[in-house]
Amino acid sequence: MYCEYIPVSPLPAPCIRASNDNKEKCPETEKTTVRIGILLKQGPYNHQASDTAYKFAEAAIRKGHTVEAVFLYNDGVINATRLMDPPRDDRNIAARWSELNNRHGVEILACIAASKRRGISEDIMIKGSAICGLGALTELAVRCDRLLTFGD
Amino acid sequence: MEKTETARKKVLHVMRHAPHGTVYTYEGLEMILMMAAFELDLTVVFIGDGVYALKKEQDTGGIGIKGYAKTFGALRDYDVEKLYVDRVSLEERGLAPDDLVIGAQVLESREIGKLMDGQDVIIHH
């Protein structure tokens with residue numbers, strides 16, 4: 001489960017960047033899709049960031065964009081614990097991330113230093129998530145068209 | 001064109017919180033130090049209460065938290081040399097550049113906006 005780096009994939013062709021300068025270079029028929037990385041800095045339930053990030057990822061995927069990974073930092077790492085057990089009529093935020101991984105291959109990555117501080121370890125993490133070094137976030141930021149941060 | 005595509009990505013870290021009330025600035029510093037090991041064009045800007053992170057002579061003994069202002073001062077040793085402070089944020093808090101642990105360049109808000117505009121990635125802390 002532990003991964004130090006995510007393999008770097010080649011940079012996308014310039015024409016798929018969602019920038020006005022490049023629009024005319026794109027053939028009319030080609031769909032403009034964006035590769036997205038998400039940085040989530042807040043814990044679940046306490047703050048809207050987990051919900052907003054999830055809703056954003058869902059909407060982006062529905063529109064045909066690629067969400068490569070959600071990187072959990074600060075209290076965001078708490079999103080990945082499978083020990084959470086909310087009332088049955090509420091959403092289970094951790095299970096929802098796991099489902100996003102299962103259905104769409106979105107990697108759920110928790111920073112190792114932030115996780116260690118908060119008692120999050122691989123044996124209590126949701127299926128489809130992994131503990132990573134900050135190198136993984138760096139790689140994500142470099143290879144995606146956009147890195148979006150959710151949290152205060 | 002090919003040259004710009006292979007050029008180092010420009011990553012800006014924005015420090016916005018006072019240093020000890022939340023963990024954002026400390027974990028932000030950890031992230032900056034980590035990213036310094038990669039081939040990136042790193043910049044750090046301090047705005048709002050973020051400027052307090054650089055205040056000289058902080059004594060955290062009484063609150064049982066490890067101080068880390070000096071680590072910001074050592075960022076240059078990690079080749080992170082572009083450090084900027086917002087002038088208005090400093091003045092609003094009664095601080096002068098001499099009160100800071102590093103010789104960060106003071107910028108106007110407008111210039112910080114331009115700086116942000118030129119980045120590939122912006123991470124706020």
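Please report how far the C-alpha centroid of region A:98-152 lies from that of region A:73-96, rounded to the nearest whole angstrom.
Each part reduced to its Cα centre gives a spacing of 14 Å.
Regarding the protein assembly as shown, what is the average projected area of its C-alpha convex hull, in nm²? Show your work: numbers first, answer last.
Details: hull surface 67.1 nm².
Orientation-averaged projected area of the Cα hull: 16.8 nm².
What list of ³J(HN,Hα) values in whole Hz, one per residue of region A:107-114 in order, does the Karplus curve 6.51 cos²θ - 1.76 cosθ + 1.60 (θ = phi - 60°) give from phi, with Gly and Pro shown as x?
6, 10, 10, 10, 4, 5, 5, 5
Cross-chain or 8 or more residues apart, Cα under 23 Å: how many lysine pairs in region A:25-96 fit that? Count them up, please.
On the way: A:LYS25/A:LYS63; A:LYS31/A:LYS55; A:LYS31/A:LYS63; A:LYS41/A:LYS55; A:LYS55/A:LYS63.
Final tally of qualifying lysine pairs is 5.
Around B:VAL106, which amide H atoms from residues at least 5 apart in sequence, or from another chain, sit under 5 Å from its own amide H, with H modelled in the peptide plane?
When sequence neighbours closer than 5 places are left aside, the close amide H contacts are B:VAL85.
Short version: ³J(HN,Hα) in whole Hz for each residue of region B:114-125, in order, from phi by Karplus 6.51 cos²θ - 1.76 cosθ + 1.60 (θ = phi - 60°), x for Gly and Pro, what are they?
Once rounded to whole Hz, the list reads 5, 4, 5, 4, x, 8, 7, 9, 10, 10, 9, 10.
Given H placed 1.01 Å from N in the peptide plane, which residues other than close sequence neighbours of A:LEU148 have an amide H under 5 Å from its amide H?
When sequence neighbours closer than 5 places are left aside, the close amide H contacts are A:GLY37, A:ILE38, A:LEU39.
Once the convex hull of the C-alpha atoms of region B:1-96 is built, how many Å³ does it hold per residue, rounded to a whole number?
Considering the Cα atoms of region B:1-96, their hull volume per residue is 108 Å³.
Quick one: if you stick a label point 7 Å off each Cα along the C-beta vector at A:ALA59 and B:LYS66, how many nm between them?
4.0
Defining a contact as two alpha carbons under 8 Å apart and six or more residues distant in sequence, what relative contact order in percent does chain B show?
Values: 193 pairs, mean separation 42.8, N = 125.
Worked out over chain B, it gives 34 percent.
Considering only DSSP beta bridges whose two residues both sit in region B:2-124, what percent are antiparallel, to the nearest 5?
Values: 1 of 19 bridges.
That works out to approximately 5 percent antiparallel.
No value in this document is a laboratory result; all are computed from the given coordinates. All values reported here derive from a predicted model rather than from experimental measurement. No Cβ is skipped: glycine too gets one built from the backbone with ideal geometry, and neighbour counts run over all protein chains shown.
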